[in-house]
Amino acid sequence: MAATPGTSPAAERTVIENCAIATVDADDTEYASGHVVIAGNRIESVGAGRAPEGLGNVAARIDATGHLLTPGLVNTHHHFYQWLTRGLATDHNLFDWLTALYPTWARIDEPMAHAAAQGSLAMMARGGVTTAMDHHYIYPRGTGDLSGTIIRAARDMGVRFTLARGSMDRGESDGGLPPDFAVESLDDALAATAATVEEHHDPSFDAMTQVAVAPCSPFSVSTELMRQGAELARRLGVRLHTHGSETKEEEKFCHELFGMGPTDYFESTGWLGEDVWMAHCVHMNDSDIAAFARTGTGVAHCPSSNARLAAGIARVPDLLAAGVPVGLGVDGTASNESGELHTELRNALLVNRLGVHGEAALNARRALRLGTYGGAQVLGRAAETGSLEAGKLADLVLWRMDTLAHASIADPVTALVLGAAAPVTASYVNGRRIVEDGRLLTVDEDAVARATRDEARRLARLAATA
């Protein structure tokens with residue numbers, strides 16, 4: 001058997017067989033009972049039945065009877081630091097919620113950022129996420145290397161990771177929402193972002209760490225930071241990320257300040273394109289959707305957070321019909337306290353069926369595609385991950401489907417999306433197993449829980465005495 005490009009004939013192999021498989025490839029190929037062979041950090045083969053005989057250097061052979069194998073989940077929008085402020089301002093809309101929490105968030109430091117990143121990453125990884133991202137945009141002066149500590153937490157967890165290095169330079173005195181002491185200057189934000197890209201971004205096929213340029217949002221960022229941020233990203237060859245069209249209040253803000261809606265404003269500042277993805281995109285008209293489709297701009301759909309903040313229902317079926325790349329996002333855990341992406345598969349389907357398309361809005365397989373291949377598209381990594389295909393990176397999850405929670409549901413994909421949270425028997429990232437029987441292998445979950453509790457309490461004390 002010929003080796004898959006990118007693998008060595010002597011590469012150590014893991015064989016997973018006798019499981020249902022949803023490949024999420026272009027043809028939505030599925031196998032009622034099939035196999036996957038991992039060689040090194042790549043998928044060597046996928047197919048029906050048991051793995052072929054004569055494979056060399058098989059280090060592990062897993063009988064996955066009663067399981068469903070899928071690509072690993074891909075999270076396209078998150079704010080890790082918010083793990084320390086879960087359960088606050090639970091009855092607020094977005095602008096009131098931000099105003100209530102910015103003064104607390106502005107006191108975060110390096111130990112807090114590290115603990116929060118560990119907590120956020122651990123919750124996602126044990127629930128099937130293999131590619132994560134963090135949009136971190138609060139950098140109080142003198143609080144340490146926040147970007148570096150977040151990246152180290154992801155590296156220790158063993159997940160593939162994109163840091164969207166955020167920034168804010170529009171404080172309260174300039175008409176923005178964050179307090180002035182929580183924002184950077186234009187020059188400082190651009191210089192720090194460039195330094196983060198140069199130090200940490202890996203453009204290679206099997207990169208574990210990438211960096212995007214990510215000014216926070218129109219109501220916390222100057223037009224000049226948006227423009228120069230886009231120029232910086234394209235000069236450095238990295239992707240661009242920000243919040244867009246999340247609420248009616250944001251739309252009103254853009255019209256009052258810029259004389260145009262969010263999408264037109266983004267286009268005027270260079271923020272539409274195949275290298276851009278926006279979080280939320282709830283309040284979009286037909287013209288906005290057409291602009292995203294024309295330019296290839298992606299969307300991170302965050303159904304739980306949108307509901308938690310009463311932002312509205314994004315037009316996901318219309319975005320998909322127009323050809324817009326759409327993935328799923330947890331969003332920050334101060335507006336999605338569970339912090340788990342697999343719940344977003346179910347919520348994306350259910351929430352969108354409450355919209356004008358009714359039961360035709362999404363089905364289980366389209367929801368799974370949003371959480372896997374769609375997310376990889378949005379992050380610019382669809383050639384490497386997001387589906388189970390020979391030659392792609394070995395990022396995959398084995399879900400147990402023969403327990404009380406799922407055993408009576410004949411279709412395993414429906415069981416995964418609409419059923420209770422499925423136990424993760426194994427999760428592989430880059431060919432390395434990071435979860436076994438629902439427990440992380442890379443970090444001590446109990447120690448992470450203690451650290452997040454202690455740092456959350458310290459942050460609350462600092463905020464209370466400020």
Open item on the list: Considering only C-alpha atoms, what is the centroid distance from segment 369-396 to segment 219-270, in Å?
Closed with: 28
Task: Cα-based helix-to-principal-axis angle, 110-125 vs the chain, degrees rounded to 10 - done: 40
Open item on the list: Order 68-76, 233-241 from most to least packed using the mean count of other Cβ atoms within 10 Å.
Closed with: 68-76, 233-241
Task: Degrees between helix 445-465 axis and first principal axis of the chain (Cα, 0 to 90, nearest 10) - done: 10
- [ ] Using packing as a proxy for protection, rank 143-156, 423-436 so that the peptide with the highest average count of other Cβ atoms within 10 Å comes first.
- [x] 423-436, 143-156
Task: Euclidean distance between Cα centres, segment 41-74 to segment 281-342, Å - done: 33
- [ ] Considering Cα pairs under 8 angstrom that are at least six residues apart, work out the relative contact order of the chain and quote it in whole percent.
- [x] 20
- [ ] Please give the helix 286-295 orientation as an angle from the longest Cα principal axis of the chain, in degrees from 0 to 90, rounded to the nearest 10.
- [x] 60
Open item on the list: Give the average over all directions of the projected area of the C-alpha convex hull of segment 297-400, one decimal, in nm².
Closed with: 7.2
- [ ] Enter the mean projected area of the convex hull around the alpha-carbon atoms of segment 73-378, in nm², rounded to one decimal.
- [x] 13.6
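Bear in mind these aren't lab numbers, they're just calculated from the coordinates by the rules spelled out. The model shown is predicted, which means the values in this text are computed figures rather than measured ones. So basically every Cβ, Gly included, is an ideal-geometry build from the backbone, and we count neighbours across all protein chains shown.
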